[in-house]
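*Asks:* Handing you a structure now.
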Amino acid sequence: MEPSPFPPPWVGDLPDSPPSRALTAPAPPGGGRRTSGVGCGHGAHRPQVRAPAVRHEPSPAHGGRVTAGPLQPLLEEPGVTDVLVNSPTEVWVDRGAGLEPAGVHLGDEEAVRSLAVRLAASTGRRLDAASPHVDVRLPGGVRLHAVLPPIAVTGTHLSFRVLRTAGLGLDALVPPDEAALLRAVVTARLAVLVSGGTGTGKTTLLQALLGEVDPVERLVIVEDAAELAPAHPHVVRLEARPANVEGAGAIPLRRLVREALRMRPDRLVVGEVRGAEVAELLLALNTGHEGGATTLHANGAAEVPARLQALGALAGLGPAAVVAQAGAALHVVVHLRRRGRERAVETIGVVQVGPAGPGAPAGLVVAPAWQGGQPGPVAAVLAALIAGRGARPPAALLTVPDGSAAR
């Protein structure tokens, strides 16, 4: 189907994309159309049509920056965390209580594709048939993942993640007893891993924890896509870089972790471990870099050891090596859960190395020190860890469920 010669007016809000040979090459003799397989939709050799409206300047209402057209009001709406585009007529939004139809229509497939390509181009990234997927950070704290056909079978798909963290400290995220406990963990310079599923608030909580770090300390943050912006006076942020169109120039997260160690960090923070960089992080935390932090996708606190072993395998670490490294490097796991609009701390656990059994090696376990809003079985162990590093354990951690003081 030929694209409409009348693009929707919001396309004009977007700046010109970088020149492309497919768009600027002269037409063949005879006045015929020049076709190219680059930048086409479902099939190759579709004619490339550049509507006049795409040459318009960026919208002055948004400071001359790229906008997301009809999706921009959703991205700016308070409380929105995700906007997902499955097709021009199927847009979903998460306002904190789960996905719901947004009631927004984007015209046709060509309009959605044009929006994706131009948003990617505004960050200096290429999105076309030769490179049909992209993950970029847009101005204003929005992360975009886009996939074009034929990788996306039914049409262009867009996934926007909105990071809403301004002004959210620990007291705004967790109850007072948990806030006091987490502050004590930070003060004691215990290494923390925040775990949970998608959309549980891992990055938001980690940012709040980093805001509690002593202002004299230097934070070096390494991320695949920059999201963390803690309220702290001394922060250095490093962001991984993908390969260019020639497949060169990539700077992976694993390399950046090694570079961060040369930058005199008082605390090393990896926004999320999802691959072989876990090896460098564990080694760093075992060589005098106390108080580090990271996040990890996991279904529960008890599943964190298995996830670490799986990631360690990607770095060539055997199970025994992961147990030894993680058991010495990590101290506390904070696991988050989400139920509807509610995001809460489910477990604050202590990382321990369990004893070896008959025919079985020692294993990594996360024992609950705080669970369900009250002290857990190893609360005394966590209190001892905090006290052993010169910090004061909160009173709630020293109180058993019946209200009496723990011995």
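*Asks:* I want to make sure I understand the PRE zone here: with the label point 7 angstrom from the Cα of D135 toward its beta carbon, which residues in the range 244-268 have backbone N atoms less than 13 Å away?
*Replies:* From the range 244-268, the list is 252-254.
*Asks:* At a 1.4 Å probe radius, carbon and sulfur cover how many percent of the accessible area of the range 195-309?
*Replies:* Looking at the range 195-309 in its full context, I get 50 percent from C and S.
*Asks:* Another question, if that's okay. What does the extension gain come out to for R274 and A321, with contour length at 0.36 nm per residue minus their alpha carbon separation?
*Replies:* In short, 15.1 nm is gained.
*Asks:* Could you give the nm distance between label points at V353 and A328, where each point is 7 Å from its Cα heading toward the beta carbon?
*Replies:* Modelled inter-label distance: 0.8 nm.
*Asks:* Please give the FRET efficiency for A380 paired with E303, using the beta carbon to beta carbon distance and R0 = 25 Å, rounded to the nearest 0.05.
*Replies:* 0.55
*Asks:* Follow-up question, since we're still on this one. Describe numerically, in nm with one decimal, the distance between label points set 7 Å from Cα along Cα→Cβ at S87 and at A248.
*Replies:* 4.3 nm
*Asks:* In whole Å, what are the extents of the range 216-351 along the principal axes defined by its C-alpha atoms, from largest to smallest?
*Replies:* So the extents along the principal axes, rounded to whole Å, are 41, 37, 34.
*Asks:* Taking the alpha-carbon centroid of each part, what is the distance from the range 134-210 to the range 324-346 in angstrom?
*Replies:* 13 Å
*Asks:* Using a 1.4 angstrom probe and counting only protein chains, how large is the accessible area of R338 in Å², to 10?
*Replies:* Estimated to the nearest 10 Å², R338 gives 70 Å².
*Asks:* Given R₀ = 22 Å, FRET efficiency for R218-E259 by Cβ-Cβ distance, to 0.05?
*Replies:* The formula returns an efficiency of 0.90 here.
*Asks:* Then there's this: Evaluate 2.2 N^0.38 Å with N set to the residue count of the range 169-282, then give the Cα radius of gyration divided by it.
*Replies:* 1.12
*Asks:* Can you find, among G211, V270, A260, the residue farthest towards the positive end of the dipole of the range 162-275? Put +1 on the C-beta of Lys and Arg, -1 on that of Asp and Glu.
*Replies:* Ranked along the dipole, the leading option is A260.
The values are calculated or read from the model by the stated rules, or taken from the named source; none is laboratory data. Quick caveat: nothing in here was measured; it's all calculated off a predicted structure. Heads up, the Cβs are rebuilt from the backbone with ideal geometry, glycines too, and the neighbour counts pull from every protein chain shown. Side chains included, ligands, DNA and RNA excluded: accessible areas come from the protein's heavy atoms. Shrake-Rupley method; radii C 1.70, N 1.55, O 1.52, S 1.80 Å.
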